[in-house]
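The values are calculated or read from the model by the stated rules, or taken from the named source; none is laboratory data. All figures in this text were calculated on a predicted structure; none of them were measured in a lab. Here Cβ is always computed from backbone atoms with ideal geometry, including for glycine, and neighbour counts include all displayed protein chains.
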Amino acid sequence: MFDDIKITHNDKGYTIQSDNVLKLVAQVERIISVVELAKLVSEGTPPLASIAMAYGIILRYAGATITDEEIYREFFSDSDAAATAQNCILTLLQLMVPDLENPPDQTGGDSVGK
């Protein structure tokens, strides 16, 4: 249902394997749900602290050593702060919305030898 998630932060690449994405989504949803995020972004009021915390969960899950405060600071100190926040929002949405175009094998069986 999910694809591998590839993210880059501070010029370092990370990959979250597809079979771990749902567990990660559950952790992120403790901070903000995809419905809340989409609604607030569409209203032009993205909750930057929540976005920083949710993105921090993703980065630490992927192996990064970073605090939520460092991510939040980047939203204001980066020369292109708006793009930084937007990138975090897009990553969150990419993570939380499954790929419905390519659903998993629904037979429940092994595909080996078929």
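Observations on the model:
- Residue in segment 37-54 that is modelled with pLDDT of 95 or more, closer than 17 Å to residue 7 by Cα and of a type outside the set (Gly, Ala, Ser) present: yes
- All told, residue 107 falls short of being in a helix (DSSP H, G or I) and at pLDDT below 90.
- Residue, modelled with the lowest pLDDT, within segment 75-100, restricted to residues that are acidic (Asp, Glu) and more than 25 Å from residue 26 (Cβ to Cβ): 78
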